[in-house]
Amino acid sequence: MPSSTGGMDMDMGSSSSSIMMSSAEMAMVFFQSVTTPLYSTAWTPQGQGSYAGTCIFLIALALIHRILIAMRSIVFDSNQALHRHRKVVSSDSDDYPGSKSELESIGNQFRSQLNSHPFRVATETVRALLEVVIGGIGYLLMLAVMTMNVGYFLSVLGGIFLGTFVAGRFGASDNHH
């Protein structure tokens with residue numbers, strides 16, 4: 001069935017009719033509904049109880065996300081067994097920026113940083129897998145927020161708050177994503 005509005009044909013699967021929507025009808029606004037699908041149509045809450053369960057799941061997922069970020073900081077930044085210690089030699093005789101001594105100092109610090117963090121396959125594999133898990137959970141949380149459901153949005157924020165409240169002090173030196 002053609003549309004004069006230039007809308008998008010969205011087939012609803014079991015329904016033989018199609019729904020025509022214009023871009024004006026698909027405004028990006030937050031809404032409240034207890035039947036908003038999460039991640040797939042198979043995960044569509046059917047009532048307030050299953051909606052509350054979905055919100056609790058999102059809180060727990062965001063909490064786990066923040067704990068994993070803190071764990072990354074604890075395991076990889078604080079573990080002295082992963083670092084070799086070398087003395088940094090500094091020869092700061094000139095105080096102006098760009099001086100030869102400052103450039104030598106920066107070079108020495110860079111070499112020291114490279115030498116103090118040796119490449120170990122087992123360590124880097126665990127670090128990479130942890131980053132994949134953290135990134136995957138972060139994208140799942142982003143997709144939940146992108147449903148524009150107010151309850152899902154507030155659940156993610158609540159989980160981030162709880163995770164930071166519980167484990168934030170351990171990842172204080174961590175840059176935020």
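The values are calculated or read from the model by the stated rules, or taken from the named source; none is laboratory data. Please read these numbers as outputs of a predicted model, since none were measured by experiment. We place every Cβ from the backbone using ideal geometry, glycine too, and count neighbours over all the protein chains shown. Just the protein is used for accessible areas: all its heavy atoms, side chains included, with ligands, DNA and RNA removed. Shrake-Rupley method; radii C 1.70, N 1.55, O 1.52, S 1.80 Å.
Rundown of residues vs (1) surrounded by fewer than 10 Cβ atoms within 10 Å (Cβ to Cβ); (2) of a type in the set (Asp, Glu); (3) modelled with pLDDT of 90 or more, yes/no style:
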site	(1), (2), (3)
His85	yes, no, no
Pro97	yes, no, no
Arg111	no, no, no
Ser116	no, no, no
Arg120	no, no, no
Thr125	no, no, yes
Gly136	no, no, yes
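Only one of Val132, Val150, Val145, Val166 is open to solvent by 30 Å² or more (accessible area, probe 1.4 Å) and modelled with pLDDT under 95. Can you tell me which?
On the way: Val132 fails: modelled with pLDDT under 95; Val150 fails: modelled with pLDDT under 95; Val145 fails: modelled with pLDDT under 95.
Being open to solvent by 30 Å² or more (accessible area, probe 1.4 Å) and modelled with pLDDT under 95 holds for just one of Val132, Val150, Val145, Val166, which is Val166.
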Self-check item: Filtered residues of segment 26-54 (kept if closer than 29 Å to Leu129 by Cβ and open to solvent by less than 20 Å² (accessible area, probe 1.4 Å))
Solution: Leu38, Thr54
Quiz item: So is Ser78 within 27 Å of Leu141 (Cβ to Cβ), at pLDDT below 95, open to solvent by less than 40 Å² (accessible area, probe 1.4 Å) and small (Gly, Ala, Ser) or not?
Solution: no
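Could you identify the single residue in Ala62, Ala70, Ala27, Ala52 that is at pLDDT below 95 and assigned to a helix (DSSP H, G or I)?
Values: Ala62 fails: at pLDDT below 95; Ala27 fails: assigned to a helix (DSSP H, G or I); Ala52 fails: at pLDDT below 95.
None of the other options fit; the residue is Ala70.
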Exercise. Consider Asp92 carefully, then state whether it is among the charged types (D, E, K, R), modelled with pLDDT under 70 and surrounded by 12 or more Cβ atoms within 10 Å (Cβ to Cβ).
Key: no
